[in-house]
Structure formats: C-alpha cells, structure tokens
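First comes the structure, then the notes that go with it.
The values are calculated or read from the model by the stated rules, or taken from the named source; none is laboratory data. As the structure is a prediction and not an experimental result, all values here were calculated from the model. Neighbour counts are summed over all protein chains in view; Cβ atoms, including those assigned to glycine, are modelled from backbone coordinates with ideal geometry.
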Amino acid sequence: MPNNTFKSFIISLRPKQWSKNVIVFAGLFFAQDIFDLQKIKAALLAFIYFCLVSSAGYLVNDVLDRKKDALHPLKKFRPIAAGEISTSTAITGAVALFLLGLFFSYQINATFAVIVLAYSFLTIIYSVYLKKLIIIDVIVISTGFMLRTIGGTVAINEIISSWLIICTIFLALFLTLNKRYAEITAVGENASQSRKTLALYSPAFLGQMINIVTAACLMAYALYTLDPETVTKFGTRNLVFTLPFVIYGLFRYLFLVQNEKLGESPENVLIHDLPMIVNIVLYAVTVVAIIYY
C-alpha cells in the first residue's frame, strides 16, 4: 500500500473518534476499580477492541455514503469520498478489523465477545438501513454507546448498574441530537442530499427533543447520586455534590452547539474546548475524592 494510500486509510479509521470509546471505562471508574491493575488492563483491551470494530464500521459507512459525503462541506474531504482510497481497499480493511476485534474480544471472555459482535452487527445494520429512519437513527447510536458501556463493565467482571445504562443512553441521545442539530445548521437547504433523515428533522423538533433529553440527563444523574443503593455502595451521599459539574457540562455543550456552531464532531468539542476540559477534569477529581477516599 503506497504511503499516501496508507495515510488516507488511517484517516478513514477516524482515530479522533476513538475518544467515544472512552465510555468503556465508566464501569471501571464507578466500580471503585481504578487502582486494580488487572481490571485496568482488561478495560484497556476492551477499549482497543472497540476501537478496531468501530473503525471498521466507519469504513463501511463511508463506502456506503461516499456519494452523499461528496456533497457535504466537510465530509467531502474524507478519503473515501474524495477518491483517495478505493472501496475495495476500504471493505477489505473493514473485514480485517472486524475479525481481529472479534477474535481478540473472545480472549477477554465470551460474554464480552458477544457484546462486541452485537455492537458490530448494529453498526452495519445502521449504516445499511437504520440511519435512514428518523428517530430510530439516534436511538440506535445511543444503543451503541450503551453496548460499549456494558462491554467495558463485563470485561472487568463487574455487575452492570442499571443507573449506568440509563445515564449512558440519555447522554448519548443528548450528544447525538445535538450533532443532528449542528448538521442541519451546517448544510442548510442541502440537508436531504447530505443525509436522508436530516430532511425529516427540523431545528424546532430537534430543539424539543434536546430539551427533553437534557432534563432527563440531569434528573437521571441526580437520582443516581441519591439512590439508596448508590449511597450504600459508596458509603456516602456526597456524590450529589458532583451535580454542578454535570449541569455546567451539558449547558456548556448546548452553548457551543447553538451559539458557536459546533457539534458536528462531538469529540472535538469535548477535547478542544478548554472550559469543557477543565470541567471534566474537576468532575473526575471530585468523584475520585468522594468515592475512593
């Protein structure tokens, strides 16, 4: 593979979006296991394997969307849409990554491998058909985040918390709906040419759903911190004091999407906005101080 083609292939794997797979560490973080070296290793491997299969999904998606992506102001620069790598190369790479991810996932445990397989299958079905269905498209993406959270928890042999799943789904819906809002804002009247479902959404409708999901995120997290099971597990009610960080994070994200016209790439917002980075760090430090000491 020539150097230029190899570089384009690596770009098509979307390594920047691997940050979305960080959610696999949620189970490790809230299970009070961040100092257990064996579980840290298992969680890291789970992260890597999800990166492999998610990148395979991106390759398949970009092959299927290459013509529509060519009409998008930003996506037209993706290597597959720009013709920098062939569809055959992309599909071959996707199959190889899927197989590698599934094979190594089984080395962690069979249940984790099943979850990775389910996530991979969902990714393919989404790329082929489900992304064309309004509302279903954002629910499927959120389900993908949920599977990654469950997978990370299973990989370290911990019990899956219902609250962790609920909070993950609502947060994923929050990010996905804001992404749709940002996409509509970016492409305007050409929305239907870029993505079929964008023509069915409207800023007002997305705004209503974003308001509902934002409230649900805050309520779910607040109830989680005060739930008797949570208080018993951590031996404190002080986790509620982390709520201001969650409130700020959600509101800051809304500001960046609606006022700064960001949001098409959630990973860029989360890792490049300094106030958001500081807020995330302070949240993490506060949680560690509360539940580990």
Fill in: Residue count for segment 83-103, restricted to those that are part of a helix (DSSP H, G or I) and buried (at least 17 other Cβ atoms within 10 Å of the Cβ)
8
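Could you please let me know if residue 236 is touching a helix residue (DSSP H, G or I) at 6+ places or on another chain (Cβ under 7 Å), crowded, with 19+ Cβ neighbours inside 10 Å and either not charged (D, E, K, R) or not assigned by TED's automatic domain parsing to the domain that holds residue 184 (or both)? Walk me through it before giving the result.
Numbers: touching a helix residue (DSSP H, G or I) at 6+ places or on another chain (Cβ under 7 Å): yes; crowded, with 19+ Cβ neighbours inside 10 Å: no; either not charged (D, E, K, R) or not assigned by TED's automatic domain parsing to the domain that holds residue 184 (or both): yes.
It is false that residue 236 is touching a helix residue (DSSP H, G or I) at 6+ places or on another chain (Cβ under 7 Å), crowded, with 19+ Cβ neighbours inside 10 Å and either not charged (D, E, K, R) or not assigned by TED's automatic domain parsing to the domain that holds residue 184 (or both).
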Fill in: Unmet requirement for residue 53, which otherwise passes all of (1) more than 18 Å from residue 114 (Cα to Cα); (2) touching a residue at least 60 places away in the same chain (Cβ under 8 Å)
(1)
Item to complete: Report, ordered by the first and then the second residue, all pairs with beta carbons closer than 9 Å, sequence separation of six or more or different chains, a first member in segment 239-252 that is surrounded by 16 or more Cβ atoms within 10 Å (Cβ to Cβ) and modelled with pLDDT under 95, and a second member that is hydrophobic (A, V, I, L, M, F, W, C) and not in a helix (DSSP H, G or I).
Response: none
Worksheet, complete the sentence: Per the list (1) aliphatic (A, V, I, L, M); (2) crowded, with 22+ Cβ neighbours inside 10 Å; (3) without any contact (Cβ under 8 Å) to a residue 60 or more places away in the chain, residue check on residue 24 breaks on (3)
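Residues to consider are 150, 169; find the one that is in the same structural domain as residue 210 (by TED's automatic domain parsing) and in a helix (DSSP H, G or I).
169 is the lone residue from the list that is in the same structural domain as residue 210 (by TED's automatic domain parsing) and in a helix (DSSP H, G or I).
Can you tell me which residue in segment 27-82 is surrounded by the fewest Cβ atoms within 10 Å (Cβ to Cβ), limited to those that are assigned to a helix (DSSP H, G or I) and among the polar types (S, T, N, Q)? Can you show your working first?
Restricting attention to segment 27-82, the residues satisfying the condition of being assigned to a helix (DSSP H, G or I) are 27-30, 37-64, 66-69, 75-77.
Now drop any that are not among the polar types (S, T, N, Q), which leaves 38, 54-55, 61.
Details: 38: 10, 54: 22, 55: 23, 61: 20.
Per the criteria, the residue is 38.
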Worksheet item: Does residue 252 satisfy the condition of being in contact with a Pro (Cβ under 7 Å, 6 or more places away or on another chain) and either under 20 Å from residue 173 (Cα atoms) or assigned by TED's automatic domain parsing to the domain that holds residue 218 (or both)?
Response: yes
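Just checking, does segment 122-143 include any residue being touching a Pro at 6+ places or on another chain (Cβ under 8 Å) and touching a residue at least 24 places away in the same chain (Cβ under 8 Å)? Explain how you work it out, then say what you get.
Narrowing segment 122-143 to residues touching a Pro at 6+ places or on another chain (Cβ under 8 Å): none.
No, that holds for no residue.
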Item to complete: Answer yes if at least one residue in segment 119-138 is at pLDDT 90 or above, within 17 Å of residue 44 (Cβ to Cβ) and not in a helix (DSSP H, G or I), and no otherwise.
Response: no
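Residues are listed down the side, and each one gets a yes or a no for (1) modelled with pLDDT under 95; (2) out of contact with any Gly (no Cβ under 6 Å at 6 or more places or on another chain); (3) part of a helix (DSSP H, G or I):
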| residue | (1), (2), (3) |
| --- | --- |
| 254 | yes, yes, yes |
| 257 | yes, no, yes |
| 263 | yes, yes, no |
| 271 | yes, yes, yes |
| 276 | yes, yes, yes |
| 280 | yes, yes, yes |
Fill in: Flag for residue 279 being more than 22 Å from residue 159 (Cβ to Cβ), of a type outside the set (A, V, I, L, M) and over 17 Å from the mean Cα position of the chain (by Cα)
yes
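From the list 77, 98, 104, 6, exactly one residue is more than 30 Å from residue 277 (Cβ to Cβ), out of contact with any helix residue (DSSP H, G or I) (no Cβ under 8 Å at 6 or more places or on another chain) and of a type in the set (Phe, Trp, Tyr). Which is it?
Details: 77 fails: more than 30 Å from residue 277 (Cβ to Cβ); 98 fails: out of contact with any helix residue (DSSP H, G or I) (no Cβ under 8 Å at 6 or more places or on another chain); 104 fails: out of contact with any helix residue (DSSP H, G or I) (no Cβ under 8 Å at 6 or more places or on another chain).
None of the others qualify; the one that does is 6.
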Worksheet item: Taking segment 49-80 on its own, how many of its residues are within 15 Å of the chain's Cα centre (by Cα) and charged (D, E, K, R)?
Response: 0
Worksheet entry | Selected residue (criterion: nearest to residue 228 (Cα to Cα)) from residues of segment 165-195 that are among the hydrophobic types (A, V, I, L, M, F, W, C) and at pLDDT below 90 | 182
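Test residue 241 against the stated conditions and say whether it is closer than 19 Å to residue 178 by Cα, in a helix (DSSP H, G or I) and of a type outside the set (Asp, Glu). Lay out the reasoning, then the answer.
Numbers: closer than 19 Å to residue 178 by Cα: no; in a helix (DSSP H, G or I): yes; of a type outside the set (Asp, Glu): yes.
So residue 241 fails the test.
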